[in-house]
Amino acid sequence: MTTNILDRALSPADLAASGDFLALTLSHPEHLTPFSYVLTDGTVAEIWDTGVICLSPVQHGNTDIVLSAGVHGNETAPIELCAALCQDLLTGKLQLKQRTLFLFGNPPAINAGKRELQDNLNRLFSGHHSKGDGEPGWERQRAAKLEHYVQRFYQTGGEGRERLLYDLHTAIRGSQFEKFAVYPFLHGKPWNKTQLRFLHACGVETFLLMQTPASTFSYFGAQSCGAHAFTLELGKVRPFGDNDMSRFAACDLMLRALVTDTVPELAEFDESQFNFFVVSRAVNKQTEQFELCFARNIENFSQFALGTVLARDGAIEYRVDEPGEAIIFPNADVAIGQRAMLLVKPVSIAGQLCD
Ligand SMILES: [Zn+2]
């Protein structure tokens, strides 16, 4: 974990010396005056805001990469992974070959060790930050800024370049599949086979294929920026220092290969190596009597026998009514009207892929 042993606010000079952008960010969690400097290999490092650093190598490939972590402040493993990768680039340990934008989404929440301060940042994109009444809190303001930074990054790269956005998370609960990706709704466009092959090499074999627009960062990246964009759930939430980083080694290795343009030959796509799910039902909480009828610590993607009662909401009962139906993201504590659980079912995507 990054520590500020100096007991003072870190400065641009500290970043140039240590390459520790996370430490600089957490030392200025709400605002950082923009500055830039040039690394010894000529790469330009532009700090646009706290938690926002754009790296542009002198000679670069045809891909513009956004790597984000800490959109939920307590999801520490991806924050550590991105901080170390960024530091290795800034200190010259790794040679950057693709334009890359690193984002630490919610620095005040990271400092507080909390998922969010006021609003769930990952429900505020695609303009949702501007909906609702009252003064916008930190997360609403931050979502608007992050949208702006991502668009600026891709627009500076220009049209015709490949755009990637990987938003790295860990889940509140365990999962039958340790790592999984949420593939945002593509409005009928085919899913990308190369991306599936790359993410499989990252250790992600399970994909939840969304079929409706969303307020997530990855949907914003896909829909508003034309990026191949994914929410990657890489394991379970743990405090800083408690992560077994060996469980993230494959993902770390591949992201390092991606930004240094050294991705090895990927295995051919073989659907039998994957699990694909689609949402069969979204269950919204309708009354204060809403209750889930399984253990609180149930894992994501748990399946139940046909007919099993999963939840009760006043007079309504939710039962498993399709073979293979599984639950994901259950949370009885949401506000009335909000999503309390998704039910998903396995699907085949044969014939619906592009390269
Ligand atoms: Zn998260």
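Within straight-line reach of Lys179, meaning a Cα separation under 16 Å, sit the following lysines at least 8 residues removed in sequence or on another chain: Lys236. Taking each of Lys114/Lys193; Lys285/Lys345; Lys131/Lys285 in turn, the alpha-carbon distance tops 30 angstrom for Lys114/Lys193. The convex hull drawn around the Cα atoms of the chain, when projected onto a plane and averaged over every direction, covers 18.4 nm². As a fraction of the 1.4 Å probe accessible area of region 212-317, surface on carbon and sulfur atoms comes out at 48 percent. Within the chain, Cys54, Cys82, Cys86, Cys225, Cys293, Cys354 have no other Cys Cβ under 4.7 Å of their Cβ and so lack a disulfide-compatible partner by this rule. Relative contact order for the chain: 15 percent, from Cα pairs under 8 Å spaced at least 6 residues apart, divided by residue count. Of all DSSP bridge pairs formed entirely within the chain, close to 50 percent run antiparallel.
Listed by chain and number, the aspartates and glutamates placed with their C-alpha closer than 18 angstrom to that of Lys93 are Asp14, Asp20, Asp41, Glu80, Asp252, Asp261; residues fewer than eight positions away on the same chain are left out. A cut-off under 10 angstrom between Cβ atoms defines the neighbours of Arg161, and their net charge, with Lys, Arg +1 and Asp, Glu -1, is -1. Taking every protein chain into account, the accessible area of region 186-267 amounts to 42 square angstrom per residue (probe 1.4 Å).
Mean residue ellipticity at 222 nm, helices only, the chain: -7000 deg cm²/dmol; runs of at least 4 DSSP H residues each add -39,500 (n - 2.57), and the sum is divided by the number of residues. Normalised by residue number, the volume inside the convex hull of the Cα atoms of region 46-85 is 86 Å³ per residue.
The values are calculated or read from the model by the stated rules, or taken from the named source; none is laboratory data. Please read all numbers here as calculations on a predicted model, not as lab measurements. Because the Cβ atoms are built from the backbone with ideal geometry, glycine has one as well, and the counts that use them run over all protein chains shown. Note: areas computed on protein heavy atoms with side chains; ligands, DNA, RNA excluded. Shrake-Rupley method; radii C 1.70, N 1.55, O 1.52, S 1.80 Å.
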